[in-house]
Amino acid sequence: MPVDYAEPNGRKIKIAVDRIGNTGSAEDRQGALLYNPGGPGGSGLRFPTRVTKKNSIYTKMARAYDFVGFDPRGVGHSSPISCVDPQEFVKAPKLDPVPDSEADKRAQRKLAAEYADGCQERSGWLLPHMTTPNTARDVDVVRAALGEKKLNFLGVSYGTYLGAVYGTLFPGHVRRMVVDSVVNPSKEKIWYQANLDQDVAFQMRWNDWKAWVAENDATYHLGDTPEKVEQQWVKLRATAKKSPLGGVVGPAELIGFFQSAPYYDSAWASTAKTWSKYVAGDTQALVDAIAPDLSDTAGNAASENGNAVYTAVECADAKWPTNWKTWDRDNTRLHRDHPFMTWANAWMNLPCATWSSKQQTPLNVKSGKGLPPVLIVQAERDAATPYEGAVELHKRFEGSRLITEKDAGSHGVTGIANPCVNDRVDTYLLTGKTGSRDVTCAPHATPKP
């Protein structure tokens, strides 16, 4: 692939692709299905292994399609970028994300600026080209290399924005496209405002989980009302701030661990169980679940790379506020009512305020000539990609259909057993039919303790 598509004969990079053939007959085969799990920074190389799982919700798709995963530019095996030494990246405890003073904010600003400088130093040659439109162009080269006239695509989370940009740039090259848990594609949202919107949705889903924990107080003993569960959380944070658990688990590490519950309700029971053990006196269970493993050099390199790509893509895709007062005002205001993720999210994105590589203007996502009906799937209470994003893409892609999983909030709906959703996704991928109207599905089963 050209590093810079404006100079197709200039420097090149290689993109790693993994493919497994369809499980059905030659007559069953409908081409390749390319998958992106999101991030930005996620690797899709393991996607083909889903074919081999018995009784999988992917069984019908796998009969018809080769499953194809890839590492996007900058990720994993595709010219990986880096911003900091991976062992330094995982060291803990990190600073408490919630600032108590102006001095705390200055310390975080310094770290964010140093991180941006590190990205430039270690990976500056690729940073200006780490944009979603360039990754979409890479996808079109992969499509051609697979021998496919048109692309079948399944994108989750950030993969929905990649799909939306691909569909805008190459509408006539799309055969079928499923986008699941949708990033709001509005130019006004990419990416600063999208992250602020996340903070509100994460708080909503954190509150949902606390209510579930309280309902199951007989199992977890963390409080029989959401307010009591919140008090336990505040107490846990304060304890870890005063003296990091096991010497390595402070408030930042706690948020890293606990945010999986608002992300996925499949993590509700395991997160509550580990916390319950802590409250009952078993601190080690929580430390074991959260503490970084400094001996896992490959895993640490992968998580550092994932964070580097996340930062590089979001910083390159759009202009970010450069004035700290803007960030301080917006996050201080949001934190009052949405304290769970707001400041942690702010610091993660703050390197974009001092980014020295070129920042683009986001593409105007819209239907182009030849774009077929796209299937949009979204949980109503998703924390990472709030529901409005699906509504916005639905408006922009003419003829698209929206499947809403009502009263549910797991991120990545197509990977969960819910026949109302799964059957419609299968029907669309196997026949191209979206149905004549949008559909609202009942939620998948609530987790049991």
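Since every read-out is calculated from the coordinates, none of them should be taken as a lab result. Since the model is a prediction, treat every value here as computed from it, not as a measurement. Because the Cβ atoms are built from the backbone with ideal geometry, glycine has one as well, and the counts that use them run over all protein chains shown.
Fully extending the segment from E215 to Q231, taken as 0.36 nm per residue of separation minus the present Cα-Cα distance, adds 4.2 nm.
In terms of surrounding Cβ atoms within a 10 Å radius of their Cβ, E253, E227 rank from fewest to most as E227, E253.
Principal-axis analysis of the Cα atoms of the chain puts helix 226-242 at an angle of about 70° to the longest axis. Residue exposure proxy: V90, V229, ordered by other Cβ atoms within 10 angstrom of their Cβ from fewest to most, comes out as V90, V229. In region 101-199, taking the dipole from charged Cβ atoms about the Cα centre, the farthest positive-side position among L146, G163, V178 is held by L146. Across region 77-205, the mean sequence separation of Cα contacts (distance under 8 Å, 6 or more residues apart), normalised by length, yields a relative contact order of 19 percent. Helix 158-169 versus the longest principal axis of the chain: what is the Cα-based angle in degrees, 0 to 90, to the nearest 10? Tilt of helix 158-169: around 30 degrees. When Rg and Dmax are taken over the Cα atoms of region 192-290, they come to 13.3, 41 Å. Using only Cα atoms, find the angle between the long axis of helix 132-145 and the longest principal axis of the chain, and express it within 0 to 90 degrees, rounded to the nearest 10. For 132-145 against the chain, the angle is about 40 degrees.
Over the residues of the chain, the helix contribution to mean residue ellipticity at 222 nm works out to -14000 deg cm²/dmol, using -39500 (n - 2.57) for each DSSP H run of at least 4.
Summary value for the chain: 21 percent relative contact order, contacts being C-alpha pairs under 8 angstrom separated by 6+ residues.
Of the peptides 372-378, 319-325, 418-424, the ranking by mean beta-carbon count within 10 Å, highest at the top, reads 372-378, 418-424, 319-325. With +1 on the Cβ of every Lys and Arg and -1 on the Cβ of every Asp and Glu, and nothing else charged, how large is the dipole of region 192-290 about its Cα centre, in debye rounded to the nearest 20? Here the size comes out at about 360 debye. Counted over the chain, the DSSP beta bridges are approximately 20% antiparallel. Note on the chain: dipole from Cβ charges, positive end direction compared against S436, W355, T274; the farthest Cα belongs to S436.
Positive-end ranking of S82, I15, T49 along the dipole of region 1-118, with charges on Cβ about the Cα centre, is headed by T49. Only lysine pairs 8 or more places apart or on separate chains count here, and in region 322-449 those with Cα atoms under 30 Å apart total 11.
Here the contact order of region 29-96, divided by its residue count and restricted to Cα pairs under 8 Å and six or more residues apart, works out to 35 percent. Of interest is the spacing of the C-alpha centroids, which for region 98-127 and region 188-224 amounts to 27 Å. In this rough spin-label picture, where each label sits 7 Å from Cα along the Cβ direction, the Y5-S25 distance is 4.0 nm.
Neighbour counts of other Cβ atoms within 10 Å put V75, V142, V439 in the fewest-to-most order V439, V142, V75.
Subtracting the Cα-Cα distance from 0.36 nm times the residue separation, let me have the gained length for K53 to R329 in nm, one decimal.
Length gained, K53 through R329: 94.5 nm.
What you get for the chain, charging only the Cβ of Lys and Arg (+1) and of Asp and Glu (-1), is a dipole of about 1060 debye around the Cα centre.
Set the Förster radius R0 to 45 Å, insert the Cβ-Cβ distance between S270 and E188 as r into 1/(1 + (r/R0)^6), and round the FRET efficiency to 0.05.
According to the calculation, E is roughly 0.75.
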